[in-house]
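Structure record follows, encoded as structure tokens.
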Amino acid sequence: MPLKFIAAAVVLALKARNRDQEQAPSAFVAGRLDAFELKPAPINPDWIIEGNPQARCGFPPESENRAVAAAVWDCTAGTFRWRFGWEETVVILEGEVEVTAADGSVTVLRKGDMGYFAADSWATWRVETYVRKVALLPRPRSMMLAIAGRLANYKRSDAAAKWAA
């Protein structure tokens, strides 16, 4: 019975994906990253370790299916812990940040660098003077869609491994 339920979820997820692809918007939206209005986005005071970091955030237009959100975010000097409530991929546009992961590893991200943060993870950010980033945030999916997506990815990776062998 559970296998039938999972199979049905996979079929529904694939149908939804195909429908989204068929209904993909034909519009193209472009803009300058420095043109988005950034509004104050205070860091939780309990997370601040040192300094007085001031963060701001702005949101470019979203896709029609709202599967991924984007944000332009900047911050002044300071050190703080940050909780990533959902997956986030960042691209540093200006400045730099020293990131200390939960395992203690330290990485400096500079202009042009990318980083990925898993959902429900913590990292310590140390901003020497200023950092500006664009963040890509996939919207959280329902548990069933997440399971279906993982199964589809597993099948694709399994097929790819067999093909490469």
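Quick look at the values:
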read-out	value
Estimated distance in nm for a label pair at residue 103 and residue 44, the labels positioned 7 Å out from Cα along Cα-to-Cβ	2.4 nm
Relative counts (whole %) of C-alpha pair distances in segment 40-117, using bins that are 10 Å wide	15, 49, 30, 6
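Throughout, read-outs are computed from the coordinates displayed, never taken from laboratory work. Since the model is a prediction, treat every value here as computed from it, not as a measurement. Using ideal geometry, Cβ is built from the backbone for each residue, glycine included, and neighbour counts are taken over all protein chains shown.
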